[in-house]
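Here's the structure, in C-alpha cells; my notes come after.
The values are calculated or read from the model by the stated rules, or taken from the named source; none is laboratory data. This structure is a prediction, so every number in the text was calculated from the model and none was measured. Please note: Cβ atoms are built from the backbone with ideal geometry, for glycine as well, and neighbour counts cover all protein chains shown. Each accessible area value is taken on the protein alone, full model and side chains, heavy atoms only, with ligands, DNA and RNA left out. Shrake-Rupley method; radii C 1.70, N 1.55, O 1.52, S 1.80 Å.
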Amino acid sequence: MDEAPAPGLRIAVLVKHVPDAQFDRHISSDDLTTVRAESILSELDEYALEAALQLVEAHGGAAAGHRVTAITMGPAAAVSAVKKSLQIGADDGVHLTDEALRGSDASATSRALAALLQHVGPFDLILTGMASTDGETSLVPAQLAERLTLPQVTFAASLDLTREDSGWKLAARRDNDTFAETIEAPLPALVSVTDQINEPRYPNFKGIMAAKKKQIQVLSLADVGLQPDEVGFAGSWTSIEAAAPRPPRSQGIVITDEGDAGIRLVDFLAGQKLL
C-alpha cells in the first residue's frame, strides 16, 4: 500500500506597513501615533519573506503543497504590505484591520497577531524580520512566541529545514561578535531573521500580474475573538506622554589651521568627552 504524501508546509510571514525612511517621520498631534501617509513594506520583513520562499522552493514548492502566507495588521492602507508580498511570491495574504488597533504597543500587537494566527492557522513556521523599521524594538517576535507557546529562535542569519521520521526540524545559525551558534528546534516554531540571511528578490512582471489573482483575507477583531479594550491604547502596557520634532541640526564648528589646529581639535574632542 502506497504511503500518503507528507502534508505541505504552511509558513506565515509577518509583514508591516511602515513609514518610508526616505521621508521625514511625523507624529500625530492628536494621539501621538506615527503618521503613516507615506508608507511601504518594511525592508527588514523582505528578508523574512525571501527566507520563506527559499525554504519552500528547496523542498518542492507549491507542487509539494507548501504555502507562504503574508500576514499584517493595521489600517486599511496596510494591505499594501500584503499586496507587495504577493507580488514578490507569497501565495496568499491576511489583513487584520480594526480602528481599535490604533495605538497598539508591542504587547498589544503581539496579542492581536497571536489571535490572528490562531484563527487562520495552524502554521508550521512563523517568520518575522529582526525588527520593524519604525519601532525597532525587536520585542514582538519573542512576545508572540510566548503567547503561542512556540519554540523561538531570534536573529537567525541562516535557516534550514530537514524532514525526519518525527517531522520537520529547523536549524538556525545565530552570529555573534566573536562566535556563531546553531540552534535546532522542531516545528512548529517562530523565527526572526536578520538582514544578513539573504538578498531579497524584486517583484517581476509575472509576479505582479499573478498577485492580482491571489486572495487576501480581511478580518476584524471580532473575527479573531478579541475585544477592543484588549488592544490599542487600552490594551497596551506602555504609553507615550509627549513627543516633539527633532530639533534642527546646529551648525558645526569649523577649525581653520593657523598653526594650532591640532591643539584646538584635541581641546574640542576633550570638551565633548571623546578623549
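Among the conditions (1) closer than 30 Å to Lys83 by Cα; (2) modelled with pLDDT under 85, the only one that Gly235 does not satisfy is (2).
Here Leu190 does not qualify as within 29 Å of Ala100 (Cα to Cα), open to solvent by less than 40 Å² (accessible area, probe 1.4 Å), of a type outside the set (S, T, N, Q) and outside any strand (DSSP E or B).
Being in a strand (DSSP E or B) and open to solvent by 60 Å² or more (accessible area, probe 1.4 Å) is the requirement here; does Arg147 meet it? Judged against the criteria, Arg147 is not a match.
The lone criterion from (1) hydrophobic (A, V, I, L, M, F, W, C); (2) touching a strand residue (DSSP E or B) at 6+ places or on another chain (Cβ under 9 Å); (3) not in a strand (DSSP E or B) left unmet by Ile126 is number (3). Restricting attention to the stretch 237-270, and to residues there that are part of a loop (DSSP other than H, G, I, E, B) and among the acidic types (Asp, Glu), which single residue is farthest from Val140 (Cα to Cα)? Once the filter is applied, the top-ranked residue is Glu258. What pairs come up if the first residue lies in the stretch 182-203 and is farther than 16 Å from Thr154 by Cβ, the second is among the β-branched types (Val, Ile, Thr), and their beta carbons are under 6 Å apart, counting only those six or more places apart or on different chains? If the second residue must be among the β-branched types (Val, Ile, Thr), the pairs left are Pro203/Ile88. Per the listing Lys206, Lys273, the residue uniquely among the basic types (Lys, Arg), exposed (fewer than 14 other Cβ atoms within 10 Å of the Cβ) and assigned to a helix (DSSP H, G or I) is Lys206. Taking the conditions (1) open to solvent by less than 10 Å² (accessible area, probe 1.4 Å); (2) modelled with pLDDT of 90 or more in turn, Ser42 satisfies each one other than (2). Consider the stretch 227-270 and keep the residues that are of a type in the set (A, V, I, L, M) and open to solvent by 100 Å² or more (accessible area, probe 1.4 Å). The one that is farthest from Ser104 (Cα to Cα) is Ile263. Looking only at residues in the stretch 103-127 that are of a type in the set (Ser, Thr, Tyr) and open to solvent by 10 Å² or more (accessible area, probe 1.4 Å), the one that is farthest from the chain's Cα centre (by Cα) is Ser104.
The numbered conditions (1) over 21 Å from Thr69 (Cβ atoms); (2) assigned to a loop (DSSP other than H, G, I, E, B); (3) open to solvent by 60 Å² or more (accessible area, probe 1.4 Å) are all true for Asp223 except (1). Tell me yes or no: at least one residue of the stretch 131-144 is in a loop (DSSP other than H, G, I, E, B), over 12 Å from the mean Cα position of the chain (by Cα) and either surrounded by fewer than 21 Cβ atoms within 10 Å (Cβ to Cβ) or touching a residue at least 24 places away in the same chain (Cβ under 8 Å) (or both). No, the stretch 131-144 contains no residue that is in a loop (DSSP other than H, G, I, E, B), over 12 Å from the mean Cα position of the chain (by Cα) and either surrounded by fewer than 21 Cβ atoms within 10 Å (Cβ to Cβ) or touching a residue at least 24 places away in the same chain (Cβ under 8 Å) (or both). Whenever a residue of the stretch 65-82 is under 19 Å from Pro141 (Cα atoms) and assigned to a strand (DSSP E or B), its partners that are open to solvent by 10 Å² or more (accessible area, probe 1.4 Å) and charged (D, E, K, R), lying with C-beta atoms within less than 8 angstrom and at least six residues away or across chains, give the pairs Val68/Asp91; Thr69/Arg10; Thr69/Asp91; Thr69/Asp92; Ala70/Asp92; Thr72/Lys16. The residues of the stretch 83-109 that are modelled with pLDDT of 90 or more and part of a loop (DSSP other than H, G, I, E, B), listed by number, are Gly89, Ala90, Asp91, Thr97, Asp98.
The set of residues from the stretch 209-220 being surrounded by 14 or more Cβ atoms within 10 Å (Cβ to Cβ) and either aromatic (Phe, Trp, Tyr) or more than 17 Å from Gly74 (Cβ to Cβ) (or both) comprises Ala210, Ala211, Lys214. Among all residues of the stretch 12-24, there is none that is over 19 Å from the mean Cα position of the chain (by Cα), open to solvent by 60 Å² or more (accessible area, probe 1.4 Å) and at pLDDT 90 or above. Quick one: would you say Ala185 is within 25 Å of Thr137 (Cα to Cα) and either open to solvent by less than 60 Å² (accessible area, probe 1.4 Å) or at pLDDT below 85 (or both)? So Ala185 passes the test.
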